[in-house]
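To keep things clear, I will list the structure first and then write my remarks on it.
The values are calculated or read from the model by the stated rules, or taken from the named source; none is laboratory data. Keep in mind that this is a model prediction, so the values were computed, not measured. So basically every Cβ, Gly included, is an ideal-geometry build from the backbone, and we count neighbours across all protein chains shown. Keep in mind that these areas ignore ligands, DNA and RNA; they rest on the heavy atoms of the full protein, side chains included. Shrake-Rupley method; radii C 1.70, N 1.55, O 1.52, S 1.80 Å.
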Amino acid sequence: MSSELLVDVEGGVALLTLNRPAKQNAVTPTMAAELSAALRRCDIEDAIRAVVITGTPPAFCAGADLAARGGDVSATLDPPPWQVRKPVIAAVNGHAVGIGLALALQCDLRYFARDAVYGLNQVRRGVLADGFAHWTVPRLAGLANAADIMLTGRTFDGDEAKSLGLANASLPADEVLMTAMAVAHDIATGTAPLPVALTKRLIWESLGMTPAVVGQLESQLNAQVSKSVDGGEAMVAFKERRPPNWTGSVSGEWPAWDAPGQRGEPGLNSEVPVAGTGQIQQREQQHADGAEDARDIADHHL
């Protein structure tokens, strides 16, 4: 098998590295398939608490490799990073254009190299931006900035990416991965797995909900969390003057969230009550058929 994606798991953090440096990590069908498989593994395995996606220097991802064989190249992954039930952090350590930038914008946190070049330039190539860009960019940057970025196809640097709302921070290139890994390890060791996973899902979906629905969900999900394995651990740890020892299982305690047939853009089914502790979530069943293949592909790189 190829080594277009490197996978390293240590200390609860999975580091996924796009690895075609001679082509500035341009995406091929093989790379996209391997990245999808690795993300499925990260979603399912409780030992993985956070994920960092980066590129072998000097680029993060120069977009699609138009010369690659094996089918169309797309940044529409299965699952996309925003649907993985662990925080996914983009360590954008160099140039990211086209679907390379679109991939980064699907992540929860994004750290950009200050002096690199960024852009969604597909309209200058006679096509539309893909990789959920028409969904992520307006949400991150607002409609006016989205129109500026996507209608002109212009490029910009890390500082402007930060000012537009696309990046959490603009940093020197050699500090990007280090910063992303530090944040990932802080999440992996300092936060409770189930509340983080549910918070992530609610953040991404709340823009399509009314305030009343969000408030109801917060109450329901907090009730679920209070009955979970880690429900009382924070208070016990506080009384015993020690750090919390989080042992909860995202895969085993996930509530009934996804409505049938809504995997592409899931939402809470208001007619389905929040499940009791230990109920296996619907999405786990949807991924079951591909779980073994995902594990085989990802294990090759460990």
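Data for the structure
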| read-out | value |
| --- | --- |
| Residue list for the stretch 192-229, filter: open to solvent by 40 Å² or more (accessible area, probe 1.4 Å), in contact (Cβ under 8 Å) with a residue 24 or more places away in the chain and not hydrophobic (A, V, I, L, M, F, W, C) | Pro195, Gly208, Gln220, Lys227 |
| Qualifying positions in the stretch 173-189 - open to solvent by less than 50 Å² (accessible area, probe 1.4 Å) and not polar (S, T, N, Q) | Val176, Ala180, Met181, Val183, Ala184, Ile187, Ala188 |
| Matching residues, the stretch 1-33, being in a loop (DSSP other than H, G, I, E, B), open to solvent by 60 Å² or more (accessible area, probe 1.4 Å) and either of a type in the set (D, E, K, R) or at pLDDT 95 or above (or both) | Gln24 |
| Check on Ser36, in contact with a helix residue (DSSP H, G or I) (Cβ under 9 Å, 6 or more places away or on another chain), of a type in the set (Ser, Thr, Tyr) and open to solvent by 30 Å² or more (accessible area, probe 1.4 Å) | no |
| Condition broken by Arg49, with the remaining ones in (1) crowded, with 24+ Cβ neighbours inside 10 Å; (2) closer than 26 Å to Pro172 by Cα; (3) among the basic types (Lys, Arg) satisfied | (2) |
| Identity of the residue in the stretch 113-130, part of a loop (DSSP other than H, G, I, E, B) and out of contact with any Leu (no Cβ under 7 Å at 6 or more places or on another chain), that ends up surrounded by the fewest Cβ atoms within 10 Å (Cβ to Cβ) | Gly126 |
| Filter result (assigned to a loop (DSSP other than H, G, I, E, B) and either at pLDDT 90 or above or within 14 Å of Pro193 (Cα to Cα) (or both)) within the stretch 233-271 | Glu240, Arg241, Arg242, Pro243, Pro244, Asn245, Trp246, Thr247, Gly248, Ser249, Trp254, Pro255 |
| Options Thr76, Thr136: the member that is at pLDDT 95 or above and not acidic (Asp, Glu) | Thr136 |
| Which listed residue, of Arg110, Arg139, is closer than 16 Å to Trp204 by Cβ, touching a Leu at 6+ places or on another chain (Cβ under 7 Å), open to solvent by 10 Å² or more (accessible area, probe 1.4 Å) and assigned to a helix (DSSP H, G or I) | Arg139 |
| Residues within the stretch 73-91 that are small (Gly, Ala, Ser) and in a loop (DSSP other than H, G, I, E, B), tallied | 2 |
| Matching entry among Gly94, Gly100 (being touching a residue at least 60 places away in the same chain (Cβ under 8 Å), in a helix (DSSP H, G or I) and open to solvent by less than 10 Å² (accessible area, probe 1.4 Å)) | Gly100 |
| Residue match in the stretch 212-232 (condition: outside any helix (DSSP H, G or I), touching a helix residue (DSSP H, G or I) at 6+ places or on another chain (Cβ under 6 Å) and either at pLDDT below 50 or charged (D, E, K, R) (or both)) | no |
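Per-residue answers, yes or no, for (1) closer than 21 Å to His95 by Cβ; (2) of a type in the set (Lys, Arg):
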position: Ala32; (1), (2): yes, no
position: Ala37; (1), (2): no, no
position: Arg40; (1), (2): no, yes
position: Ile44; (1), (2): no, no
position: Ile48; (1), (2): no, no
position: Cys61; (1), (2): yes, no
